[in-house]
1. Considering only B:Gln261, B:Gln336, B:Gln225, give the residue with the highest GNM mean-square fluctuation for chain B, with springs between Cα atoms whenever their separation is below 10 Å.
2. Once the other residues with Cβ under 12 Å from the Cβ of B:Ala271 are scored (Lys, Arg +1; Asp, Glu -1), what is the net sum?
3. Return one number: the angle in degrees, 0 to 90 and rounded to the nearest 10, between the long axis of the Cα atoms of helix B:92-102 and the longest principal axis of the Cα atoms of chain B.
4. How many nm is it between the label spots at A:Ala229 and B:Arg310, if each spot is 7 Å from the Cα in line with the beta carbon?
5. Per-residue HN-Hα couplings for the range A:310-325, Karplus 6.51 cos²θ - 1.76 cosθ + 1.60 at θ = phi - 60°, whole Hz, x for Gly and Pro?
6. Per residue of the range A:112-121, what does 6.51 cos²θ - 1.76 cosθ + 1.60 with θ = phi - 60° give for ³J(HN,Hα)? Whole Hz please, x for Gly and Pro, Karplus curve as stated.
7. Amide H of A:Ile204 versus every other amide H placed in the peptide plane: which residues, excluding those fewer than 5 positions away on the same chain, fall under 5 Å?
8. What shape does the range A:91-240 have by the C-alpha gyration tensor, where a ≥ b ≥ c are the square roots of the eigenvalues, rounded means a/c under 1.5, and otherwise prolate means a/b greater than b/c and oblate the rest?
Amino acid sequence: MSVFTLSQAAKEEVLLKELAGLTAHHRANCEPYDRILSASGFTEAASIADLPWLPVRLFKTLELKSIPDDEVFKTLTSSGTTGDVSRIYLDKAAAAEQQRRLAATVQTVLGPKRLPMILVDTRAMLKDRTSFSARGAGVLGMSTFGRDHVWALDMEGEVDLTALRGFLEKHGDRPFLIFGFTFLVWLHLYEVALRHGLDLSNGILIHSGGWKKLIDQAVSPDEFRARLASVGLTKVHNYYGMVEQIGTIFLEGPSGGSLYCPDFADVVVRDPQTWAELPPGKPGLLEVISTLPTSYPGHVLLTEDLGVVHGIDDGDWPGKRFSVLGRLPRAEARGCSDTYREAA
Amino acid sequence: MIFRFGADGDLTAPSDDRLSVGDPRVVDFLAALARKLLAPAVARRHPELGSLGYFLRPAELNRAVEKMRRDDALVFPRGNVFHLPPANVDTIFVYSWAISALAGNHNVVRISSRSAGAAEVILDAMNAVKADPVIGRTQRMVTYGRDDAVTASLSKWCDLRVVWGGDAAVDAIRKHPLRPSARDLTFPDRTSWAVLSVPGWRAADPAARRTAVVGFANDAYWFDQAACSSPRTVFLVGGRAGDADGVRTEFLDLLLDVVDQRGWTVDAAMAVEKRVNAYGLAATGAARTLDFPDNRITAVTLAGPGTAPRRWIGAGAFPFAEVPSLRDLVPAMNRQDQTVSHFGFTPAELRDFATELGGRGVDRIVPFGSALTFGALWDGYDLPAEFTRLTTLQM
């Protein structure tokens, strides 16, 4: 079973109808959203790229939801670098649907059964209230797709070699799931597996969290993949997603190098000067599109990440395949006022 | 602690040096600095240093000193002055320091470690002037990190503390007590506006309109519209129904043309910042329409003068609102408002506006192009008076 089935043309036909419907739904149920669209003169979209996008940071500055207060079942928050957080409101239906779609997406590479699972993280992190929302939610969310979990790191953040060896003895001869943040996988799992000859050849790795720290260490995505293959780990899937589009992840295909959009999602790369859609090969700002946000107007979001589409209907799976290239630096103003907090 | 200018050593040690109000050694130093800043090579690279150089010319300095003199009292330096200027408007620290130095004070200026560009050029120029040694002993510019102990001891040392940088900065600095006899001169968050007379614009010839827009563009774009005096919302004043729309279109077309000619750009991050803020105005109902013709210009139609934002929207973001007359703008102004730049009004209209405001808001009413021109009267203060003390003498 896969959620990566639709060619780009087929997908756009299906999605445009659904997304136009969602736009109308949110306009009718979220007054601030309707005001933004009215003020910008939006009437209707003839293509996916015509759909009105919201800057993702808007969820940090505004309360945007399309459900009444008494139907809010879950409020998700993202941690922000500047202290401001996104607030995402889900009703019961949206919460269930996002979990179901996320499961369907990862089951494309894991199969339908829950696999034994290594979490490349420390249980101590769950106790740290300040970092919980981002890292903890990711780990806990993904842990539901596995069973017989083992933490790769002990409470002090050191590699727990005994636990890893025990896990591999018990489960290592059949497919198992490994999940963690890209940098932790590199720093702890890869190096330990190499040094101690751990056999990870039945593992399926799902990892996320950005490449910045690895690029700083001069490790490219290609090299990451090649080095993991050298310890037997060949089934490796990076993914890209954000709390503002919870349930939607863009997953790396089996042969690596590109992220793919599930059938209910898409991406558009925009020229940051003209805001027009860019063709494959041209890097720009990444817009993420998903039909999952039904309880808040987050179905078309302009991220602050730079990306590039590599190709359309020419990879492991149909549709667009793309990469995330890094973050747009935050705008900083000159000025008299917001200046020297440092003096205090 | 890095000494950027002046003699290395204990900043708060007692000093035997005495400067007078309008001390010739200070005047000579500032005049030499002005010559360096007005050098063509410098002025080309940093046009804002040109106006600073002009401000420091001997004729201007002598005029300022003359104004410090009084018939009814002897005028002396206030004493020790501790300046905390903003990091990002590179020239402000020179203006406030120069007037204080001219008044004969011993000054310590904290230069932000984030200062760059023009600030570095100024410091280099200061260090290149052959000055009387007393200048380096009494005028010191330092950079230090997040060090409360230094800020605290300088706060105890000074007779006047000059705090720029917004409400949060003022509150934070005020946690450090002053001597009982000392006080603060504060420059908190401010907002500035532009007012454009619709009939005045229509009456002006194309050359006059263009000059006005060039001046407005400098005011708005030089500091990314984030200086306290940078105009943000433009109020279109007067005219018959429908006139304002046409004037706004002409104004924006000319503005884009000027911005184009200057080669000014607005990067992607700033463009996104503007979208976030403009969408925020629309979402709350403060704005009725948003136009994004180009990253360099964002035009916002406000629901009315009362919803004009006092928050920064981004570089090249212009909310517009219409009012029948300047008097109708008065209720929307408050203490936070600093500069109103104007075009197309009669002197009588402007005087009436100022009188109606009655000091309850707006400290400066200046023509387009002069919003950023610093003066000895600033934020409602007479700075030379603030930097001096008076002795009465009755025989």
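Only the coordinates and a few stated rules stand behind these numbers; no lab work does. Keep in mind that this is a model prediction, so the values were computed, not measured. Please note: Cβ atoms are built from the backbone with ideal geometry, for glycine as well, and neighbour counts cover all protein chains shown.
1. Sorting by GNM fluctuation, first place goes to B:Gln261.
2. Numbers: positive: A:Arg270, B:Lys274, B:Arg275, B:Arg296; negative: A:Asp271, A:Glu304, B:Asp267, B:Glu273, B:Asp294.
Taking every Cβ under 12 Å from that of B:Ala271, the sum is -1.
3. 40 degrees
4. 6.2 nm
5. Once rounded to whole Hz, the list reads 8, x, 10, 6, 9, x, 4, 10, x, x, 7, 10, 8, 10, 9, 9.
6. Working through the residues one at a time gives x, 8, 6, 9, x, 9, 9, 9, 7, 6 Hz.
7. When sequence neighbours closer than 5 places are left aside, the close amide H contacts are A:Phe176, A:Leu177, A:Ile178.
8. Working: a/c = 1.36, a/b = 1.27, b/c = 1.07.
Since a/c stays below 1.5, the shape of the range A:91-240 is classed as rounded.
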